[in-house]
1. Could you size up the charge dipole of region 93-135 around its Cα centre, putting +1 on the beta carbon of Lys and Arg and -1 on that of Asp and Glu, and report it in debye to the nearest 20?
2. Compute the acute angle (0 to 90°) between the alpha-carbon long axis of helix 33-43 and the principal axis of greatest extent of the alpha-carbon atoms of the chain; round to the nearest 10°.
3. Quick one: if you stick a label point 7 Å off each Cα along the C-beta vector at ALA83 and GLU213, how many nm between them?
4. Placing unit charges on C-beta atoms (Lys and Arg positive, Asp and Glu negative, everything else neutral), compute the dipole magnitude of region 13-275 about its Cα centre in debye, rounded to 20.
5. With +1 on the Cβ of every Lys and Arg and -1 on the Cβ of every Asp and Glu, and nothing else charged, how large is the dipole of region 1-122 about its Cα centre, in debye rounded to the nearest 20?
6. Please compute the length gained on full extension between LEU263 and SER242, using 0.36 nm multiplied by the number of residues separating them and subtracting their Cα-Cα distance.
Amino acid sequence: MKKVRGSELIDLGLDGKRAIVAGAGYIPGRAGHGRWTSLRLGAAGATVACVDIHEGRAKAIVSEIETAGGKAFPVIGDMTDRAQVEQAITEAAAEMGGVDLLVDIIGQANWSKAEDVTVDHWDWEIANNLTHVFNLFAAAGRQLIRQGTGGAMVAIASVDGINAAKYHAPYGAAKAGVISLVKSFADEFGRHGVRVNCVAPGNVGSGNEDQPEGEYDVNGINPLAAPRNFDVANAVLFLCSSLSERITGHTIPVDGGATIHELWRISGDRVLAEYGPAD
């Protein structure tokens, strides 16, 4: 292993690993969690099966990974269809000779007042944000159990599954379900050496990737700073890596501290004015 200033470089344990990223393609205007996660895994040495419903998107991220020196290939399929989920896992495992990692990025929120949510709206949100996670984890889990080599699975949840999801209640309910599923799968699959976790992004989007260093607490929402899309990918990378080999059933919020706010919005000026400095 290479040395840097007398210390060993940290090995993520991902070189040669076989990864599936569901929802790997980039959709313009979206945060790009699948794209960034795929790039990070490829850069860490994993071969990445880039699953997407859209062939062009799948091939585009494969091209990016290969251009950067990584290994990847496209798998086309609709992960809200159980039969296509099974086919995608089978195809990816056949191409790579097995599977070590699964990351499920797929999901989308639609906005509406709770009283205006239709049955079709509710069913779509649950299918696209929760049911497919169950199907993917179950299918990948069967593959990992057959192999007997352990592995890791990571889902993208949301802080809306932890706190309130105002005007997108079905999405919040679905993401809360993802957080629960992760615990249940982790409990069942732990004896097979399979870790199952999720990452809960906050108000991450696109356009703040080049935010200057050292700018914090600028919007009243994030005590630290709004997360960038690659911050979410870095958390996924950690949960896939050997650095997290004793972490399972947990959710890591990547929200710049948005969900840790105290409830009463007490300002420092008010505290000092009313109570003075501590003795």
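1. Once rounded to the nearest 20, the dipole reads 60 debye.
2. That works out to roughly 60 degrees.
3. Output for this residue pair reads 5.3 nm.
4. 640 debye
5. On the way: 13 positive and 17 negative charges, 143 e Å.
Dipole magnitude for region 1-122 comes out near 680 debye.
6. Full extension from LEU263 to SER242 adds 3.9 nm.
We did not get these values from a lab; they are worked out from the coordinates using the rules stated. Everything quoted here is computed from the prediction, not taken from an experiment. When we count neighbours, we look across all protein chains shown, and the Cβ atoms used for this are built from the backbone with ideal geometry, even at glycine.
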